[in-house]
1. Restricting attention to the range 254-264, which residues are open to solvent by 50 Å² or more (accessible area, probe 1.4 Å) and assigned to a helix (DSSP H, G or I)?
2. Among the residues of the range 201-214, is any farther than 14 Å from residue 170 by Cβ and touching a residue at least 60 places away in the same chain (Cβ under 8 Å)?
3. In this structure, is residue 197 more than 20 Å from residue 381 (Cβ to Cβ) and either at pLDDT below 90 or open to solvent by 20 Å² or more (accessible area, probe 1.4 Å) (or both)?
4. Select, from 323, 314, the only residue that is out of contact with any Pro (no Cβ under 9 Å at 6 or more places or on another chain) and either in contact (Cβ under 8 Å) with a residue 24 or more places away in the chain or farther than 20 Å from residue 282 by Cα (or both).
5. Output yes when any residue across the range 372-381 is farther than 28 Å from residue 82 by Cβ, assigned to a helix (DSSP H, G or I) and open to solvent by less than 30 Å² (accessible area, probe 1.4 Å), and no when none is.
6. Does the range 319-343 hold any residues that are of a type in the set (A, V, I, L, M), surrounded by 22 or more Cβ atoms within 10 Å (Cβ to Cβ) and within 12 Å of the chain's Cα centre (by Cα), and which are they?
7. Out of curiosity, is residue 177 without any contact (Cβ under 8 Å) to a residue 60 or more places away in the chain, surrounded by fewer than 18 Cβ atoms within 10 Å (Cβ to Cβ) and more than 16 Å from residue 312 (Cβ to Cβ)?
8. Among the residues of the range 348-371, are any surrounded by 14 or more Cβ atoms within 10 Å (Cβ to Cβ), within 18 Å of residue 93 (Cα to Cα) and among the acidic types (Asp, Glu)?
Amino acid sequence: MTTARPSDPAGVTNPSGLSGAVGPADPAGVTNPSGLSGAVGPAGPAGVSVAATAASTGAGDARLAGRSLLRIGPVSLLIRRRAVLVAAVLTVLLLSAVVLSLSLGTPYVAPADVLRALSGADTPYDLVVFDLRLPRVVLAAVAGAAFGVAGTLIQSVARNPLASPDVIGITQGAGLAATVALTSGMAAVLVAPTALVGGLLAAVLLFALGARHGLAAQRFVLAGVAVAFAFRALTEVVMLTADPIDGLRAQIWLIGTLAGKGWTEAAWIAGTLLVLLPVLAWAGWALNSTALDDDTARGVGLRPVARRIGLAGTGVLVAAMVTAQVGAVDFVALVAPQVARRLVRAERPPLVCAALLGALLLVLADLAGRRLFAPTQLPAGVLTAAIGGPYLIFLLLRGRRRSS
C-alpha cells in the first residue's frame, strides 16, 4: 500500500517521510535542507550566504591541513602550525643552553644566579657572566643562526642536502685569504676583512662557473666542489711555505674557534643579518618556489633564474661574513637545515627553524669544547665536525637505500 508523503509548510514534498528532514526556508526563500536552524544563514552584502562562505572555508581548511592563514591588513601569511611549535621548542632549548653555558665553568655559577645577573640584579658573578662568558655565548648563538640561514638558502637553490658553504667553496675562499693574511704579517685587525673578501671572490668565481644554463642545481654544486678543492689546495701550499708559528695560527683559524672573540664579531654578524632582514623576509617566501621546475615557475609568473641568483647570493654573503668572523666552523650550515626540515616535516628547510637549530648546535658545541677536556679547550669547529661527519655518512647511506 502506498503511503502519501507529508508536505512541508511551503508545499514542498518531504521525500524522506520524516518530520523536519526538510527545514524551513530562510528569509531569502531558499530551503534549508539540513533541517537545522542557522545552517543556511542570511545573505551577505554581496548576496552570498553564510553557508556558502562556510563551505568554502571548510574546503580551504581541508586543502590547508596543518596550516593557518594569518592576515595582517592587506598581507596574508600561510603559517605551518608544526613549524611554529618546533620554533617555540627550539627557542626554549636555545635559552636553556645559553643559561647552561653561562653557568658551567670555573667558577661555577648557579643557573638562578645567572638569571638574576641577566635580569639586572647585583650579584657577585657579574664579572664572570657579563665580561667572561656572555660575549662568547652570544657570538656562538648569532654565528650559528647565520650558518643555519646560509645553509638553508644554498641547499634550497642547489636542491641538494649536501650543499653548504663549506662544500661549495665559500669557506675555502675565506680560509685562503685568512691564511695569506696570517702568514704574511698582516695586522690582526685586517684578518677578518681579508677573509670576507676571499669568501666573496670565491662566490664570484662560483657564479661565473655555475651561472650558465640559469644556475642549474647540478652545475652549481659541481662548480662549488671544484672551487672548494682548488682553494683548499692553494691554502695548503701557503701553509707549507710559511713560518711554522704563522702556519699554526692559520691552522687554528681554519678549524674554527670562538676563543678570544666576542662582542665585536657578534656585532658584525648581527649587523649583517639586520641589514639583510628585508631580503631574508623575501627569501622565506621565495623558498616556496624553489622546488618548481623552470617551466612551471614561469607558467605561474615567476622568474626562476633571477630568484635562484638572489637566494644564492644572499646565502653566500651571509656565509662569507660569518666565516670571516669565527673561522671555518664546518657542518653547522650542512646539518641545521636538514634536521630542521625533518623536525617540521616540510618539503624544504624552514628558514627560522634552521637559524634556531644552528644557534643551538653552535652554543652546545662551544660549551662541549670548553668543558669536555677542561682545562684544555677544543675549538668549536672540532666538535661540529664530530657531529657533521656521522650525519654526512647517514645522508649518504640513506640516499643509497632510496636509490636501491
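1. Hits for the range 254-264 are 255, 263, 264.
2. So far as the range 201-214 goes, yes, one or more of its residues are farther than 14 Å from residue 170 by Cβ and touching a residue at least 60 places away in the same chain (Cβ under 8 Å).
3. It is true that residue 197 is more than 20 Å from residue 381 (Cβ to Cβ) and either at pLDDT below 90 or open to solvent by 20 Å² or more (accessible area, probe 1.4 Å) (or both).
4. None of the others qualify; the one that does is 314.
5. Yes.
6. Listed by number, the residues that qualify are 332, 333, 334, 335, 336, 340.
7. So residue 177 does not fit the description; no.
8. Yes: one or more hits.
The values are calculated or read from the model by the stated rules, or taken from the named source; none is laboratory data. Just so you know, these numbers come straight off a predicted model, no measurement behind them. All Cβ positions, even for glycine, are placed from backbone atoms using ideal geometry, and neighbour counts span all protein chains on display. What goes into the accessible areas is simple: the full protein's heavy atoms, side chains included, and nothing from ligands, DNA or RNA. Shrake-Rupley method; radii C 1.70, N 1.55, O 1.52, S 1.80 Å.
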